[in-house]
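Notes follow once the structure below has been shown.
The values are calculated or read from the model by the stated rules, or taken from the named source; none is laboratory data. This is a predicted model, so every value here is computed, not measured. In this analysis, Cβ positions are derived from the backbone assuming ideal geometry, glycine residues included, and neighbour counts consider all displayed protein chains. Protein only, heavy atoms only, side chains kept; ligands, DNA and RNA dropped before computing areas. Shrake-Rupley method; radii C 1.70, N 1.55, O 1.52, S 1.80 Å.
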Amino acid sequence: MPGKLKAKIVAGRHLPVMDRASDLTDAFVEVKFGNTTFKTDVYPKSLNPQWNSEWFKFEVDDEDLQDEPLQITVLDHDTYSANDAIGKVYIDIDPLLSCEAATVISGWLPIYDTIHGIRGEINVVVKVDLFNDLNRFRQSSCGVKFFCTTSIPRCYRAALVHGFVEELVVNEDPEYQWIDRIRTPRASNEARQRLISLMSGELQRKIGLKVLEMGGNAVVGYLQCFDLEGESGLVVRAIGTACTLDKLIPGTESKETLPSSSSPPPFSPSKPCSRQSSSSDTDLSLTPKMGKTPPPSSPFLTLYFFSDPVYFQEFPFFTLTCFPPGFLVHIGGVVSARSVKLLDRIHNPDEPETRDAWWEEIRQEIKSHAKALGCHAVVGYSESTTICEEVCILSASGTAAMLNPRFMREGCLDAGGSEHSCGFCHIPYDEFNMPFPAQLTYCYHCRRQKVPDVLFTTIDLPAEAAVTGKGCLIQARLCRTKKKAQGEVNATAISNLLPFMEYELHTQLMNKLKLRCMNALFGLRIQISVGENMLLGLASATGVYLSALPAPGGIQITGKTPSDLSYDQHISTMQKRINDTIAMNKELYNIHPLECIEEVVGSPIPDRQRSRLFRSTSESSDELSELDLSHGKKDAFVLEIDDTDAVEDIQSLLTDAPMPAGFYSCNTEVMPGIYNWTSGLQMFTSVRVYRLSNANLTNQGLNKIFTDLCENLLKSLYFKLRSMIPCCLCHLNFTVAVPEEELIQVRRHTPKHTSPILYIFPKNILVRSGENEEQLQFSMELFSSSERCSPLPEVRSRSLRSTRSLPCGAPVTVVKMTPLSFLPRTRIVKYLGIINMFFIRETTSLREEGGVSGFLHSFIAEVFAMVRAHVAALGGNAVVSYSMKECVFMENPNKNQAQCLINVSGDAVIFVRESDQEAIPPLIMSGQPSTTGADGTT
Amino acid sequence: MSMELDVFVGNTTIMDMEVYQLWLDGLTVSDAVKVRMDEGALLECEANAEVLTSDTMDQFRTFQMCERLLHSPTKLGSQLLYQIPAQNQRILIERYYEFDSVFAREVLGKKLSKGTKKDLDDISCKTGITLKSCRRQFDNFKRVFKVVEELKGPLVENIQRHFLLSDTLARDYAAIVFFANSRFETGKRKLQYLSFQDFAFCAGQLISYWTVGAVDVWEPNDPDMDVDLEKEFLHELKDLKVLVNDKDMMDQHKILVCAALRGKIKVYKLMEVNFKNLSRALINLASKLTHTKDVRDLFIDLVEKFIEPCRYDRWTVAEITLFLTHYTNAAHCLGTFRYQMIWDRYMGVIKSCILQMYHE
């Protein structure tokens, strides 16, 4: 049960001058864990002290090891007055608790102060001796591995996927306690950092316990979020997918075909297939709070129909977005739910039931949606919140899916063959009782099953999917004004607006998809944020042309009042522009579906004839009459122009600037249609805040501004990265916030979705008092990786490598950071543990630090530096699945103050360069479906 | 609608070296944007003015934040805040410490103090270099001076070790430090025609041959070996006076030189007439160098006493080269002249300095 934590303070460097008289510092260090504190000697008069301390030993429970961070404080000794703190380092011990992760933390870590930022570095060594791990009644869950990665980590094999785990812990926010009025901002910030560190430790431990209870040994797709609810408290919650992972022996992994004997297509036949949330509420009440795990200890309960190894699981959700080939049988579509809640002022940290109940409600709704789509599971599942004053919107979304029971039970890939590459596109629901209107056709790949005309999902493109051409980022952006209001009235107003917003976003997505001649969206994320007098919606996804789905028809415009001649003229010019755009996009994204279909299917002569027929239509697609004839009414997408709104919509449709040559972008892990990656990558974060000068803007005006902002941001990125051409921006992740107040609403709709939220909450009664202005805030994490399309792969990659290898000679370890779960052209050999860090930075000299931009710029750089240093100390050289989940920024320029909170997470790994080019990203060429299934998992 | 905040941070710090140069040149963001537009930056990636402004601001901010580190370049390699590839680190440092020779020429030999800093405004007006850039260059000089001043050991190596500069740049800095330390007169009107490179060359010669470090192997307790001229040597230079004071020796010297040069130079006649004046000028210069004041006037004296008379008589560089070579060598043939070592050490430097400073 107990363990021994050992820490040694070696040296410091680049310390700040604390004694003005001598220009030097008399530094010493306090090492604290739990309630035990040790101190080093004072190292007098040096900015580069060499303490070389003894080993400080803490004998503690492993429960504490999981919850508590090791806290290292560097101070300046002062004989006459109180010692001045230079800064602190929090070290998360968790990676040392699993035998498969890191064994020691050793290296230079930045000393961080919430007011001054990084102030020098300290060299420490930390080790843990765990005595035993056998107590079954323990409260700790040491040894359970956590991964942010939303796929099976690359050096592991999933022996068993147990299913959904979730937990939340609640506490009072130190920032809002009475004591905050008398303590310094530094003390308050540190209290907060420490509390959040403790809470996430506790959360992780509790989730770990649930995993052990389920018989698993790891959590994959671990997503932890903070809800800063202001006066009502602080919520830390997490979801993930419990798994049993086996470590792969290097060498065998490439041919590994995942005989995962496991689990879960969970399905509760008792529940009615209803889309109404009321029906699911009854189920909810039956389930005790602790019963998140499946009641039967043995998860196998084979029901006969469909040979489903079904077991009862309360929430058959999977936070994974990428699966072993064959795991996914069918995809139904996106399911999402939103709920607006008023935060209660009364708060009881020990009873988080309210929040639990809220989430249960949402999850039930999601589950019922999935069922309505004829699916028994939800994949690519995620949850998020938006908080604006006392209003909180909870959102959850995922992709309804059928998972392959046979695959999991038999544990081998006899399910290969043609079914693989198109199977997931086939509809899971009943053809004659469709949950929503859709045009069904026979699959263009196998010709046996029905497929929908379009497919929206929140997951990554399955490795086995056959794609035609390249993918691209598709965004729908929307602004809606609303009246200022308070409490319930406000909530109602928003509730009324939300469905329209979701509908419009969906329409926009659909139009843009058609305009690019694509038929599926992956990685869909819809974020709706609320301001005092406006609502913002931003949907991002990666569009692709799935070879198995029918070719999208064109877009046809009709006018309602065809009497006017000039009006007709106008419409026909617009129609022409649209057709031209479609034709251009086909070239741009290299979408020439017919040849591909031919090859893929390798079908007999009649098919070929059909192909030719299609080709002829695509050539003449300018002319609508022919298009209509060949595709039937089904495929022509008709836009009716009946008012100015519609005209605006179409205009906006056409104003999306094309990407500059050499650039590709997507928000998924892998860019569909591009397979030749180099190892050169560059992760970046960009944040922009705009102030809208006029509060009396119309919807159209706002829409235009919002669209321009997004477009400009993208343009800026392209320009910045122009030296990396050819270049692909992957995992492009937009977050929008309107730092305002007030609102409520529930929402759910089939093809909608949410993701990270960036919220601002007022601390010192901020900027806006009295002003009529609004801010739009964007935070984006983006990542770009150079990618080769040139026919000279070897040369190019070598040169890239050699330049990259240069900094390795430098004393500082180069640590790569990427939001992807892999590093192209490299092999991850070890996962060292999860990185989950929370920082607060505050300044009272905003102007002196270069204004808001200077302040935030240096803070983000500092956060990067601290992440890199911690990874390097663990012995790693990269962070994968990195994400900046929170970036809350507040300023008060009048008082010259600003505060910012950032939460980042990721998996620390060690990677080695891939010597043989059996590359990392799933290599699926649209032409060879049969070879693809096997090696997609590595 | 206005942009309140606009930040772009990469894990590997992205730096555009062209923009870096604009920043170093002390341009404002709007001026830099104009320059970039004129250079056709808008043609790339379908950029517009807004994109360009945003990018420029961002880059300028990055450089500004790195500036602190550039003040002690050795820290740049070990700091953790910015992940900058080693190659870029070198370029950042080298460019930051590069200076305009026009500017350096103005400051050369002046005390690197605050008083001089006030003159930066004037220098900026005169040279057309922005005040910001002048400040940076001046501060660089001062910083290098301060660090190196107290250090022992070879000057160039010290500069290289502490500022990680390339060999050529370190040598230029050595010249600046050397001039600032000895406070050579360079500002007189008659010296205006000389460029920084001329002086830097001369400084290199002085450092290489006339300082303590030039003859001795460096020992740890030798102070300032490269910064100060060797006192003993300067004292010994007095002995060279014999060349002008001893009439026989002077005549003999003249005869030897004339014999060697007859028919080889066009200005032979003038040389023959002026020989004694020229010789006296060089020897007197040598004998006076014990006084700090005269050391400072070394260059002005060379110009006034030697270079100007020659230029008046329209000597070519080749002729001066020949003359100085034979003038130096002839002294070796004087039977009674005992100070060969000192003579060579003196004349070697003087000769190369004169040749560098003699612009036809």
Practice task
May I ask you to verify whether residue B:127 is under 14 Å from residue B:106 (Cβ atoms) and either small (Gly, Ala, Ser) or not assigned by the TED database to the domain that holds residue B:25 (or both)?
Solution key: yes
Practice task
May I ask you to list the residues in segment A:215-232 that are part of a strand (DSSP E or B) and either of a type in the set (Phe, Trp, Tyr) or on the phi > 0 side of the Ramachandran plot (or both)?
Solution key: A:221, A:222, A:226
Fill in the blank from the handout: Residue hits (segment B:99-129; surrounded by 16 or more Cβ atoms within 10 Å (Cβ to Cβ) and not in a helix (DSSP H, G or I)) are B:99, B:100, B:108, B:109, B:110, B:112, B:129
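Going by the conditions given, is residue A:835 away from chain B (no Cβ under 14 Å) and in a strand (DSSP E or B)?
On the way: away from chain B (no Cβ under 14 Å): no; in a strand (DSSP E or B): yes.
So residue A:835 does not fit the description; no.
Being modelled with pLDDT of 90 or more, within 12 Å of chain A (Cβ to nearest Cβ) and either touching a helix residue (DSSP H, G or I) at 6+ places or on another chain (Cβ under 6 Å) or surrounded by fewer than 16 Cβ atoms within 10 Å (Cβ to Cβ) (or both) is the requirement here; does residue B:51 meet it?
Details: modelled with pLDDT of 90 or more: no; within 12 Å of chain A (Cβ to nearest Cβ): yes; either touching a helix residue (DSSP H, G or I) at 6+ places or on another chain (Cβ under 6 Å) or surrounded by fewer than 16 Cβ atoms within 10 Å (Cβ to Cβ) (or both): yes.
It is false that residue B:51 is modelled with pLDDT of 90 or more, within 12 Å of chain A (Cβ to nearest Cβ) and either touching a helix residue (DSSP H, G or I) at 6+ places or on another chain (Cβ under 6 Å) or surrounded by fewer than 16 Cβ atoms within 10 Å (Cβ to Cβ) (or both).
Residue by residue, here is whether (1) under 19 Å from residue A:29 (Cβ atoms); (2) open to solvent by less than 40 Å² (accessible area, probe 1.4 Å); (3) in contact with a Lys or Arg (Cβ under 7 Å, 6 or more places away or on another chain); (4) within 14 Å of chain B (Cβ to nearest Cβ) holds:
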| residue | (1), (2), (3), (4) |
| --- | --- |
| A:60 | no, yes, no, no |
| A:83 | yes, no, no, no |
| A:86 | yes, yes, yes, no |
| A:97 | no, yes, no, no |
| A:102 | no, yes, no, no |
| A:107 | yes, yes, no, yes |
| A:111 | yes, yes, yes, yes |
Completion exercise
Per the list (1) more than 30 Å from residue A:711 (Cβ to Cβ); (2) touching a residue at least 12 places away in the same chain (Cβ under 8 Å); (3) among the acidic types (Asp, Glu), residue check on residue B:58 breaks on (1)
Handout entry: Conditions (1) within 10 Å of another protein chain (Cβ to nearest Cβ); (2) among the charged types (D, E, K, R); (3) in contact with an Asp or Glu (Cβ under 9 Å, 6 or more places away or on another chain): number failed by residue B:36
Key = (1)
Problem - Flag if residue B:58 is among the acidic types (Asp, Glu) and in the same structural domain as residue B:164 (by the TED database) - result: no
Fill in the blank from the handout: Exactly one of B:233, B:323, B:299 is surrounded by 15 or more Cβ atoms within 10 Å (Cβ to Cβ), in contact with a Phe, Trp or Tyr (Cβ under 8 Å, 6 or more places away or on another chain) and farther than 30 Å from residue B:181 by Cβ, and that one is B:323
Fill in the blank from the handout: From the option list A:113, A:94, single residue qualifying as more than 20 Å from residue A:13 (Cβ to Cβ) and of a type outside the set (A, V, I, L, M, F, W, C) is A:94
Exercise for the section: Quickly run through segment B:14-45 and pick out the residues that are free of Cβ contacts under 8 Å to residues at least 60 places away in the same chain, hydroxyl-bearing (Ser, Thr, Tyr) and in a helix (DSSP H, G or I). Expected result: B:30
Completion exercise
When segment A:3-33 is checked residue by residue, the ones that are touching a Leu at 6+ places or on another chain (Cβ under 7 Å), farther than 18 Å from residue A:112 by Cα and either open to solvent by less than 40 Å² (accessible area, probe 1.4 Å) or modelled with pLDDT of 90 or more (or both) are A:3, A:5, A:7
Practice task
Could you please give the count of residues in segment B:181-194 that are open to solvent by 10 Å² or more (accessible area, probe 1.4 Å), touching a residue at least 60 places away in the same chain (Cβ under 8 Å) and either under 13 Å from residue B:109 (Cα atoms) or part of a helix (DSSP H, G or I) (or both)?
Solution key: 6
Practice task
Look at residue B:200 and say whether it is at pLDDT 85 or above and either open to solvent by less than 10 Å² (accessible area, probe 1.4 Å) or out of contact with any Phe, Trp or Tyr (no Cβ under 8 Å at 6 or more places or on another chain) (or both).
Solution key: yes
Fill in the blank from the handout: When residue B:87 is run through (1) at the interface with chain A (Cβ under 7 Å from one of its Cβ atoms); (2) in contact with a helix residue (DSSP H, G or I) (Cβ under 6 Å, 6 or more places away or on another chain); (3) assigned to a loop (DSSP other than H, G, I, E, B), the failure sits at (3)
Practice task
Give the residues of segment A:874-908 that are more than 30 Å from residue A:822 (Cα to Cα) and not in a strand (DSSP E or B), sorted by residue number.
Solution key: A:893, A:894, A:895, A:896
Problem - When residues of segment B:67-96 are limited to those that are among the polar types (S, T, N, Q) and closer than 30 Å to residue A:712 by Cβ, the one surrounded by the most Cβ atoms within 10 Å (Cβ to Cβ) - result: B:83
Completion exercise
Those residues of segment B:14-33 that are within 14 Å of chain A (Cβ to nearest Cβ) and either more than 36 Å from the chain's Cα centre (by Cα) or open to solvent by 20 Å² or more (accessible area, probe 1.4 Å) (or both) come to a total of 6
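Kindly check whether there is at least one residue in segment A:72-83 that is under 18 Å from residue A:874 (Cα atoms), assigned to a strand (DSSP E or B) and outside the structural domain of residue A:873 (by the TED database). Can you show your working first?
Residues of segment A:72-83 that are under 18 Å from residue A:874 (Cα atoms), as a first pass: A:72.
The next check asks that each one be assigned to a strand (DSSP E or B); those that pass are A:72.
In the following step, the residues that additionally are outside the structural domain of residue A:873 (by the TED database) were identified as A:72.
Yes, segment A:72-83 has at least one match.
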Problem - Check on residue B:64, surrounded by 16 or more Cβ atoms within 10 Å (Cβ to Cβ), of a type outside the set (Phe, Trp, Tyr) and either out of contact with any Cys (no Cβ under 8 Å at 6 or more places or on another chain) or within 10 Å of chain A (Cβ to nearest Cβ) (or both) - result: no
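Of the residues A:889, A:839, only one is hydrophobic (A, V, I, L, M, F, W, C) and at pLDDT 85 or above; which? It would help to see each step written out before you state the result.
Numbers: A:889 fails: at pLDDT 85 or above.
On inspection, the qualifying residue turns out to be A:839.
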Completion exercise
Taking segment A:670-701 and the residues there that are buried (at least 20 other Cβ atoms within 10 Å of the Cβ), within 10 Å of chain B (Cβ to nearest Cβ) and more than 21 Å from the chain's Cα centre (by Cα), the one that is nearest to residue A:463 (Cα to Cα) would be A:680
Handout entry: Pair list, Cβ under 7 Å, 6 or more apart: segment B:68-81 residue more than 7 Å from chain A (Cβ to nearest Cβ), other residue open to solvent by less than 20 Å² (accessible area, probe 1.4 Å) and outside any helix (DSSP H, G or I)
Key = B:69/B:79
Fill in the blank from the handout: Scanning segment A:838-857 for residues that are assigned to a helix (DSSP H, G or I) and surrounded by fewer than 24 Cβ atoms within 10 Å (Cβ to Cβ) gives A:851, A:852, A:853, A:854
